[in-house]
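This report concerns only the one structure given below.
The values are calculated or read from the model by the stated rules, or taken from the named source; none is laboratory data. Since the structure is predicted, the reported quantities are computational estimates derived from the model, not experimental observations. Positions of Cβ are generated from backbone atoms using ideal geometry, with glycine treated the same way; all protein chains shown enter the neighbour counts. In case anyone asks, the SASA skips ligands and DNA or RNA and just uses the protein heavy atoms, side chains included. Shrake-Rupley method; radii C 1.70, N 1.55, O 1.52, S 1.80 Å.
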Amino acid sequence: MANIQTALVSTDDAEERKKMDEYEESLKSLAETRARQRKLNLSVQYPEEDFYSTLDSKLKSCTGYIKKLKILTESQRDILDKDFQGLNLTRYVSEATQALAEAKLKLSDVPIALEVCTLFHRRYPDFASAMMESWRKVLPLHKGDIVSNPSKLRVDLRLLPEQIAMGLLPTKPSVQLLCSLLQVLLESDKEDRALMPLLTGFAKAYGFEFMGIHPKKLRMLVNEYPGTFDFSSVNLFSADFQNSMRNIFVKYYAGVTKQLESENQRLRDLEKAHRRLLDSRGDVPQEKVDKYEIHVAAFNKLKTAVLSLADYLDQEMPELAPKEEVDDNKTTIELLTVEFGDRAGLAPIWNDEDERDFYEILPDLKATMPSMAYKDSLKDVETSATASISEDALSILDAAIEADSAQLLLAGTATNLDEPSEPSSANLVSPSRPEETASDQTLIKRTAESGHVTRVTTAATPVKKSITQQKRPYIKNSKSKGLADLLDTVWEGDECDGEDEPAVLVDDEQDTSTSALLRQILDTFILGLSKVTSKEGADKMAIDFCTNLNRRHYRKKLVQAFYNVPRTRADLLPLYSRIVAVLNPVMPDVGGDLCEALRRQFRWLVRRQDPLRLESKIRNVRFMAELTKFGIFSKAECLLCLKILLNNFKHHAVEMACCLLESGGRFLYWSPDSHSRMKILLEELLRRKSLRLFDARMDSMIENAYFSCSTPETAARRTGQNMTIKIRTPMQMFIRKIFLDDLNRTDPSDVTCLTSLIRRLPWDDPEVFEYGLKYLSSAWRINYASISALANVLAGLANYQDDLAVRVVDNVLDDIRVQLELNNSKFNQRRLAMVRYLGEMYNYRIVDSSVIFNTLFSLILFGWIADVPTMLDPPSHLLRIRLVCALLNTCGEYFSHGTARRRLDSFLALFRRYFWMKRENVVWSDHCPFPMTIVHLVEDTMGKLRRDFSLLKNLEEAEAALKKINDKMLEKVNMDSFNAALKKEEESADTGDNTSESSSLSGSLLDLSLLDNEQAVTDDIRSKPEINSDDLDFMATLEKLTSESYQTQAQAKVPQFKTAIPSIVKEQLQNPVHPRESNDSTVRVGLMTKKGQKQHLIKFMDLPEDTEYVSHWKATEETEKRERSEMMRLTLNMSHRQEREEFEDLVSTSTRSLPAPRQEAMRFGGPPKSNKLPPNRNGDGPVKGTAVHRL
């Protein structure tokens, strides 16, 4: 390790030294070039006057050259040089310098511009003064000058210093010009820092020449590796000038760093403000998020520019305040979805699909009813203010929550408003109630009705007054008077006994135009409302009212009937709410009037604090909750009502809050737009419960209300555990029960019933198949003692689900291999379980011994390169030894004979060497000894498998024993078989399974392929065991089965490809292009091939007659010809015999004798001489059944 570190250090030093040499070389070459050019430009000899007269002075030529200077590019170098040599530009020097100063160049065009300036300077004496005047006209040299083109100024800051360094301009005036330019730029760039990239580029290019500064990284190299190059020889200016120039840039950098620090602090302040909004409101407005993202982008841009400038000026980067780490789990909102049939929605909102249909699937009256039935009700309704009311409610609620949060910070050590608390519980003070001082007079009493303690405050605190003043502007700006009255209860909890209970009043005298029949129908309809028991009945009532009773006066009567629902009929509230929701699209005034009446009633009930009327209070909050779930009563108002009840968390307010949560709490908690605020209110509910003394009934009621909104799983998330709720189908839950519960409780030796139950699962379903495969491949999910039972179940399924067993084995092997590559200690128990599972699968004959041995060798060879361990298997990691022992203890006892025994002996020798390489590593010492538990584990494993197999004493003895086994094996192996097996192994190495193993532990010469080749080992390796009668019977039966199988396969005929030879091919064969000689004893054949739907492809060849194929073909042709002739003769004889018999029967039954014609006699006397065998259709003999024909 020390050598490696030394090598790395030397490599780094070499690289740094190389960078330093390159930097010195670049400075040296640049200094030499500038010095040479400067010397030539300062000692120039101008030509005589006669020289100018020989040049071209035409106006057209000179003005054309000036125009070319305005569009100067690198590609015009040769043309400009050639034209300059032939022109007399004495009168156009000022125009040329102005064109060079105003030209819009690129950084790549600076060299050609300098070359043109050099040409002018060496020919015309007045070029320098003209160039200075042109620069003064173009550059911003006065305070207040606007930089209109920063990209051009960037090139000017590169061209002007180069002209000064090359001596093209007078030194003192040009340096003053440059300093004035830089001073103006540095002074003007104080806000947006738009010119910072220009100044950074100047510092990068001329930091050493004009300021004597090396870049920070290179300065450190210069100090660390001092060379022979004298940097002072490169300086063109005095040290005083460089110091003044450096001070200007350092002052600018100080201002930039201050701005960076202020921007960073501003960014941190925005983050704190966002966190406060998340804690109080639950979300951050989008405009503030956009503003924050813009600020972050600007800050990152400024920080990158400051980093570059600090490097080129050799300054230290200021330390910025880091971003505070916040627990994201505290503000994370997780919404879970589940499938109900073919629809997806928020699962926790509704208990089942029926409840969801009740609240979400409503009949559309606008689509089913004619417009004449409801157009009047739409005209009567004014513009709805529901949206503005919801916004006002949210503003009031957010202000209240923010004020409570601020109060919680102010009351860090204050006592609780309702109960005196210990100093240790000061942080649990209710955030919604003001702080009490020690001077407040309080009265504590216990009521006989509820049994809980209350405290009456007789003095208001400054904190309460400040909160009140913060909330009142929202009340004054509220757009709804009723809402303002309702929200007034947030801080005013005074009793109002003098007020009457609000009611919905309808003046019957206004209904003078309707007939008595309609009034009777209305009365019957209102009486029928109390008899509604289903959603179908509610929909029917809504349709009947819209069809027959849609009048303004009757709608008010309907609202009055809803409002005056009997307080004991809580079952009618969901049905009444559904009727209102069905009517709301065509009669919005019904829902609006009913919600307004409920708000007034809620305000009156809360402010009155009557110990009676509990049923009326519960009816009110339940009605509001039901209307909220239908979207009639806004969620913001419902949340605000809950906030009011929490502020007055005593007496009946506790039961009202619990009823509100039980009826609509789940809907509000799992709705995305109200989740954050509802979560805050639930936390406040728990705090208030912990700070007050309630009886058992109240405690149980509050807990039930809380858990009706937030299940125990989501409550765990509130504590920061960030648990995930998974919604599973009944089939998935049943499969989990089988594998995780039943299998763990079942005796591993008796899983027959469980296997038959698993076999009945619908494995044809892809979802069931994948889900079952997941648990069959996850042995770590069950108890370690039940792994054998899991393998038993898999063996029972393998006879019926072949694909399942193959997939499980693949998954197990992949998991073992992946864990070898990851080498993560948190998966150690999982790795042990999977290795044990693999061994149990061998015990139940799901895998063979080759899989086990491949896994064993992978466990000790993977991650080793030439006997050197890697990070995949460090010397201090001993888990692989445990894995090997676990696998051998599971199935090693079955490797006791045959090839498996020899392979196990070889592996144990190699494993022993691996063990000693681990044990004798330098990481183990007297202070950190090798664990004896591992030693005892290995000894027990080897003693269980081989009693005569010792662990030896050290690594040398283990290597010697391994080498002895290798030598003995090589002596008994046929080298031809060895080479063949080695070649086969190399060809099969393409799979890449044992890439690391093949290069690992090169000291071991053992080759497993030699052990598998039984014929490669001689008979004297091990004596043959005695064969008894049972073995002889088995061998006879096996030989019989093998013989029958071979005969069956031999008798099977291979299907032949038969086709006709195309006529064009026969013509080519009959008239070949190159005719054969007469003495050529060859046979011409054609090979016809065809692929898919393509045409036949025929290839011709000449085969000698003595070849096996030609001889076989001729014999087959003669045999087939004889068979066809014999078949034809038999067929003709049979036909003649049948005709003769028919004729004799005809003659014997005739009444008179008829002379037999000569033709018939000839016919039955034998076949005519002209009756020859029909020729073959190809004309050249029989056609072979294969695709090869003799032509």
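Exactly one residue out of I846, I852 is assigned to a loop (DSSP other than H, G, I, E, B) and at pLDDT 90 or above: that is I846.
Look at D83 and say whether it is of a type in the set (D, E) and over 16 Å from R122 (Cα atoms). Considered against the rule, which asks whether it is of a type in the set (D, E) and over 16 Å from R122 (Cα atoms), D83 comes out as no. State whether the residues of the stretch 727-748 include one that is polar (S, T, N, Q), surrounded by fewer than 18 Cβ atoms within 10 Å (Cβ to Cβ) and touching a residue at least 40 places away in the same chain (Cβ under 8 Å). Yes. Picking from residues in the stretch 125-165 that are among the acidic types (D, E) and either within 28 Å of Y52 (Cα to Cα) or in a loop (DSSP other than H, G, I, E, B) (or both), the one that is most open to solvent (accessible area, probe 1.4 Å) is E133. The criterion of at least 3 residues that are of a type in the set (D, E) is met by the following helices (runs of 4 or more DSSP H) wholly inside the stretch 727-822: 802-822.
Among the residues here, A31 qualifies as out of contact with any strand residue (DSSP E or B) (no Cβ under 9 Å at 6 or more places or on another chain) and in contact (Cβ under 8 Å) with a residue 40 or more places away in the chain. The condition of being assigned to a loop (DSSP other than H, G, I, E, B) and open to solvent by less than 20 Å² (accessible area, probe 1.4 Å) holds for only one of L168, L177, L185, that being L168. Test I579 against the stated conditions and say whether it is open to solvent by 30 Å² or more (accessible area, probe 1.4 Å), β-branched (V, I, T) and within 26 Å of R666 (Cβ to Cβ). When the stated conditions are applied, I579 does not pass them. Being open to solvent by 60 Å² or more (accessible area, probe 1.4 Å) and either farther than 29 Å from D905 by Cα or among the aromatic types (F, W, Y) (or both) is the requirement here; does L822 meet it? The answer is yes for L822.
Return yes or no: is I79 more than 27 Å from V184 (Cα to Cα) and either touching a residue at least 12 places away in the same chain (Cβ under 8 Å) or touching a helix residue (DSSP H, G or I) at 6+ places or on another chain (Cβ under 7 Å) (or both)? Judged against the criteria, I79 is not a match.
When the criteria are applied in full, Y842 fails the requirement of being under 22 Å from R736 (Cα atoms) and not acidic (D, E).
Screening A96 with (1) surrounded by fewer than 19 Cβ atoms within 10 Å (Cβ to Cβ); (2) at pLDDT 85 or above gives one miss only, at (1). One residue alone among A696, A657 is among the small types (G, A, S) and farther than 18 Å from L573 by Cβ, and that residue is A696. Please work out if R122 is touching a residue at least 24 places away in the same chain (Cβ under 8 Å), assigned to a helix (DSSP H, G or I), farther than 26 Å from R246 by Cβ and open to solvent by 60 Å² or more (accessible area, probe 1.4 Å). Yes: the conditions hold for R122.
For the stretch 879-896, does any single residue satisfy the condition of being free of Cβ contacts under 8 Å to residues at least 40 places away in the same chain and more than 23 Å from E821 (Cα to Cα)? Yes - at least one qualifying residue is present in the stretch 879-896.
Specify the residue that is most open to solvent (accessible area, probe 1.4 Å); the eligible residues are those in the stretch 749-772 that are β-branched (V, I, T) and under 14 Å from N792 (Cβ atoms). Only one residue tops the list, namely T752.
Would it be correct to say that L686 is under 30 Å from L645 (Cβ atoms) and either at pLDDT 85 or above or open to solvent by 50 Å² or more (accessible area, probe 1.4 Å) (or both)? When the stated conditions are applied, L686 passes them. Restricting attention to the stretch 304-324, the residues that are within 35 Å of the chain's Cα centre (by Cα) and open to solvent by 50 Å² or more (accessible area, probe 1.4 Å) total 6.
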